[in-house]
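All of the numbers you see were taken from the coordinates with simple rules; none came from a lab. On a predicted model such as this, the values are computed, not experimentally measured, just so you know. Here the Cβ positions follow ideal geometry from the backbone for every residue, glycine too, while neighbour counts run over all protein chains shown.
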Amino acid sequence: MSEELDTDELEQEVKEIYRSVAEEPDDDYHFEMGRPLAERLGYPSEDLDRVPPEALESFAGVGYHLDLAELDAGDDVLDLGSGSGTDVFVAAQDVGDGGSVTGVDMTPEQIEKAQALADENGFHNVTVRESYIEELPFPDASFDAVVSNGVINLSAEKQRVFDEAARVLRSGGTLAVSDIISEQRMPDSIKSDADLWAACIGGAAEEDSYTEMIDDAGLEVTDVVENNEYKFISERAQGACSKYGVKSVSVAAEK
């Protein structure tokens, strides 16, 4: 690339935005947030009713994929980039007391908020840890399902993320993610812009490349579903979306 992404700048930009998402959910962002977004994306209202409202107000997901995860009671689940915990708390209801849900995130304010909400609201099967999704602190074959919502696009090393997801999945386990991809390759001016990366646009991989990385990690893609209800809200983000086909999809794969 003629212009290169400064990954240190990207990390700081992402942490700053998602610190604000955790602490100031009413601020203006490139993306929509909150319970109305979750409901429009397909989250069942009865599941959201049991999620702490403080987690829901900071929900910044891009799709609904927990149906693709097909979680069962007793499953152990890992959420990559768990944020303030909406998906963690929904998954915790599915797996019950005999299962577990572990969230990982690199933003301290998100971790503190999600863990406090878990403790305060009796989610004894939930743990949230600080970690980079490119280097997970878990042994091989630790989880029955790995999920993620609007986060993998933020990584400059997506293949490592998928490799790590495959490593920690048990045989027969499922990867289910919602993420931002693009129909066309975007120019260097966008892909080197840390602000647009942090807004879930600059890091969007082309769709074929995205599924190929999952295949290369040793997983078999079983579903790709477009999330037509997801829309960016800032003018700058909308411009990139319309020009390069940036969109939300949910993807499922099996090990």
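Details
- Phi to ³J(HN,Hα) by Karplus 6.51 cos²θ - 1.76 cosθ + 1.60 over segment 44-50, Hz, x for Gly, Pro: x, 4, 5, 6, 5, 4, 9
- Applying the criteria of a DSSP loop state and at most 15 other Cβ atoms within 10 Å to the trypsin sites (Lys or Arg not before Pro) of segment 4-113 yields R50.
- Spin-label zone in segment 110-141 - amide nitrogen under 19 Å from a point set 7 Å from the Cα of D216 along the C-beta vector: 133-136
- Principal axis box of segment 1-144, alpha-carbon based, largest edge first, Å: 49, 37, 28
- Projecting the Cα positions of V21, L41, A60 onto the charge dipole of segment 1-69 (unit charges on Cβ atoms of Lys, Arg, Asp and Glu, taken about the Cα centre) puts L41 furthest along the positive direction.
- Compactness of the chain as Cα Rg over 2.2 N^0.38 Å, two decimals: 0.92
- Over the chain, DSSP H runs of length four or greater, each weighted -39,500 (n - 2.57), average out per residue to a 222 nm ellipticity of -10500 deg cm²/dmol.
- FRET efficiency for S242 and Q93, using Cβ-Cβ distance with R0 set to 35 Å, rounded to 0.05: 0.40
- Too-long pairs where the Cα-Cα distance tops 29 Å, listed order kept, from K113/K231; K113/K255; K191/K231; K231/K255; K191/K255; K15/K255: K113/K255; K231/K255; K191/K255; K15/K255
- What the Cβ-Cβ distance of T127 and E229 gives, at R0 = 25 Å and to the nearest 0.05, is a FRET efficiency of 0.20.
- C-alpha center-to-center spacing [segment 75-112, segment 14-68] in angstrom: 14 Å
- Remark: relative contact order (segment 53-178) = 29 percent; criterion is Cα-Cα distance under 8 angstrom and separation of 6 or more residues.
- Ascending count of other beta-carbon atoms within 10 Å, so fewest first, for I133, I233: I233, I133
- Charge dipole of the chain (Cα centre as origin; +1 on each Lys and Arg Cβ, -1 on each Asp and Glu Cβ, all else neutral): 300 debye, rounded to the nearest 20.
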